[in-house]
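Below: the structure, in structure tokens.
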Amino acid sequence: MLKTGNILQTLSFILLVILSLNRYAHASDNRQQELQHLLKHDCGSCHGMTLKGGLGPALLTDSLKDKPDELLFITIKEGRPGTPMPAWKKLLSDSDIKSIVKILREGLN
Ligand code: HEC
């Protein structure tokens, strides 16, 4: 038989899990927005605000369609030595870079 105390404890545990999942979802939504902002403003300073190209090549979905994810990932992470493309590994985690590749595939809105 469950005692009232146990039930309350279980319920508050469940509530805690739900609340923290909710917070996590919000946090990653915010990160997603920060990455979109970074793409427009930081990457955009070379690749163009709309990523149509500038000093760096266009990063539009269509321009990148023949390039594998791994190539884009490694280019963003390590940069391209001997070109102005900087390495972003000090500023962006692997999961940030994966999100950026995904945003590029889907197109910046
Ligand atoms: C200082 C200028 C500069 C900034 C800032 C910059 N890039 Fe680049 N990027 C370049 C240049 C130049 C190249 C082309 C390198 C080459 O000649 O291969 C390039 C290449 C790339 C490529 C490979 C494209 C292809 O067609 O192979 C990707 C992907 C890329 N950049 C993503 C990014 C992302 C994402 C950011 C922001 C996090 C960023 N870049 C910021 C200059 C920049």
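The values are calculated or read from the model by the stated rules, or taken from the named source; none is laboratory data. Every value quoted in this text rests on a predicted model; they were computed, and no experiment measured them. When we count neighbours, we look across all protein chains shown, and the Cβ atoms used for this are built from the backbone with ideal geometry, even at glycine.
Name the residue, out of I74, I103, I18, that is modelled with pLDDT under 95 and of a type outside the set (F, W, Y).
Numbers: I74 fails: modelled with pLDDT under 95; I103 fails: modelled with pLDDT under 95.
Answer to the selection: I18.
Looking only at residues that are outside any loop (DSSP other than H, G, I, E, B) and small (G, A, S) in the stretch 46-104, which one is farthest from L35 (Cα to Cα)?
Looking only at the stretch 46-104, we keep the residues that are outside any loop (DSSP other than H, G, I, E, B), and these are 46-47, 69-78, 94-104.
Now restrict to residues that are small (G, A, S): 95, 99.
On the way: S95: 11, S99: 8 Å.
Among those that are outside any loop (DSSP other than H, G, I, E, B) and small (G, A, S), it is S95.
Can you find a residue in the stretch 72-90 that is farther than 17 Å from R105 by Cα and hydroxyl-bearing (S, T, Y)? Scanning the stretch 72-90, I find at least one residue that is farther than 17 Å from R105 by Cα and hydroxyl-bearing (S, T, Y), so the answer is yes.
Please determine whether any residue of the stretch 83-94 is modelled with pLDDT of 95 or more, surrounded by fewer than 17 Cβ atoms within 10 Å (Cβ to Cβ), near the ligand (Cβ under 8 Å from one of its atoms) and among the small types (G, A, S). The answer is no; no qualifying residue exists.
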